[in-house]
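Values in this text are rule-based calculations from the coordinates and carry no lab data. Keep in mind that this is a model prediction, so the values were computed, not measured. Counting neighbours? That spans all protein chains shown, and the Cβs are built from the backbone with ideal geometry, glycine included.
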Amino acid sequence: MNNLLRLIGRRLIALPIMVLGVTFLVFVIMSLSPIDPAYSALGETASPEQLEAYREQYGLNDPWFMQFANYITGMLQGDLGVYGKSAMPVADKVFSALPLTMQLTFFGLIIAVLVAFPLGVIAAIYRDRWQDQVIRVISVACIATPSFWLAILLIVIFLGKLPVSGALPPLTSDPVGWFMRMLLPAVALAVPVIGQLTRVVRTSMVEELDRDYVRTALGAGVPRRIVIGRNVLRNALITPVTVLGLRVGYLMGGAVIIEIIFSLQGMGRVLIDGITNNWVTVVQGATLVVAMAFIVVNIVVDLLYLLINPRIRAV
């Protein structure tokens, strides 16, 4: 129990450090932008006096390190800055779009896991047989399929059969409508991950099946399905779960593009609006929130190792 608490404590201590690092990196990159936030907020009709007053009001004339310190202070209070002539809060725009992106990301992740894990296990069990060869071809085809191209293809195929545009129904009040609206975007997002994860699961399973304890258990008369179900599968999950945590970042990044193709009002729309309108604070806030979500998800994945393999608790 002490080892478990220490491991959880280390992950939680690392969280604010990583968030601070990501915030610093995003702030530095966005500070290099040649766009004047005051000009992009007030527009071409603003006078020099109005631009200067805006810069003074929001601390844009302060030294860089003071701007960063003020940004961190505001971020801790849920303030990511303002955008537009009306000085609308960036946090409201970002956090209203984030749930949709997270829903799409995790729906795609669920599809990838439900398809890839069985395929990888079957390919390993029937190694070098026709089942394995077929699954290999499928996994390579999935890896080679770009999500954006597949998204367009799915729209062409299912236009009129499944909803490909329009508002997303609420999950709580209309789960069927939500599922139908999110199915095609989630499939387009999940397919490349299915190919990658299938190969990782197969490789991990094959390595585990070749270990001495498997041969010993089979030689002692333990049924193969019990050995695989109780020991091999659990030990082989460590590497796939690691890869799965890293793939969450890919899914979140891909979701931004898929949302635009399927006209979903998520973080993709927020970023497009920020870029087209030169709203630096919006792009900065959206990028930072997505990066922080990725960090949190990967820490959760690290903690999942404890459930998969109790030996890690002694680390």
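Counting only Cβ charges, +1 for Lys and Arg and -1 for Asp and Glu, the dipole size of segment 204-315 around its Cα centre is about 540 debye. Full extension of the chain between Tyr213 and Glu44 gives 53.6 nm of extra length, using 0.36 nm per residue less the Cα-Cα distance. Rounded to whole numbers, the Karplus 3J(HN,Hα) couplings from phi for segment 200-216 are 5, 5, 4, 4, 5, 5, 4, 4, 6, 5, 8, 6, 5, 5, 5, 5, 5 Hz, using 6.51 cos²θ - 1.76 cosθ + 1.60 with θ = phi - 60°, and x at Gly and Pro. Stretch Met18-Met66 to full length: gain in nm at 0.36 nm per residue minus the Cα-Cα span? Taking 0.36 nm per residue and subtracting the Cα distance, the gain is 15.2 nm. When each of the peptides 101-108, 15-22 is scored by the mean number of other C-beta atoms lying within 10 Å of its residues, the order from highest to lowest reads 101-108, 15-22.
For Tyr83, the amide hydrogen comes within under 5 Å of the amide hydrogens of Met88, Val90, counting only partners 5 or more places away or on other chains and with H modelled in the peptide plane. The alpha carbons of the chain give a radius of gyration and a Dmax of 24.0, 86 Å, in that order.
Here each label is just a point 7 Å from Cα along the line to Cβ, and for Leu5 and Tyr126 those points are 5.0 nm apart.
Per-residue Karplus couplings for segment 42-53, computed as 6.51 cos²θ - 1.76 cosθ + 1.60 with θ equal to phi - 60°, are listed in order as 8, x, 5, 7, 6, 7, x, 5, 5, 5, 5, 5 Hz, Gly and Pro entered as x. Dipole size of the chain about its Cα centre, with +1 on Lys/Arg Cβ and -1 on Asp/Glu Cβ: approximately 1860 debye, rounded to the nearest 20.
Across the options Gly120, Val256, Val187, the greatest Cα extent toward the positive end of the charge dipole of the chain (unit charges at beta carbon of Lys, Arg, Asp, Glu) belongs to Gly120.
Determine the sum of side-chain charges near Thr239: Lys and Arg each +1, Asp and Glu each -1, restricted to other residues whose C-beta is under 13 angstrom from that of Thr239.
Once positives and negatives cancel, what remains is +2.
Normalised by the number of residues in segment 90-225, what is the relative contact order in percent for Cα pairs under 8 Å and 6+ residues apart? Relative CO of segment 90-225 lands at 38 percent. Could you check which residue among Arg225, Arg202, Arg234 shows the biggest mean-square fluctuation in a GNM of the chain with a 10 Å Cα cutoff? Maximum among the listed residues: Arg225.
Each Lys and Arg adds +1 at its Cβ and each Asp and Glu adds -1 at its Cβ; summed about the Cα centre, segment 22-89 shows a dipole of about 200 debye.
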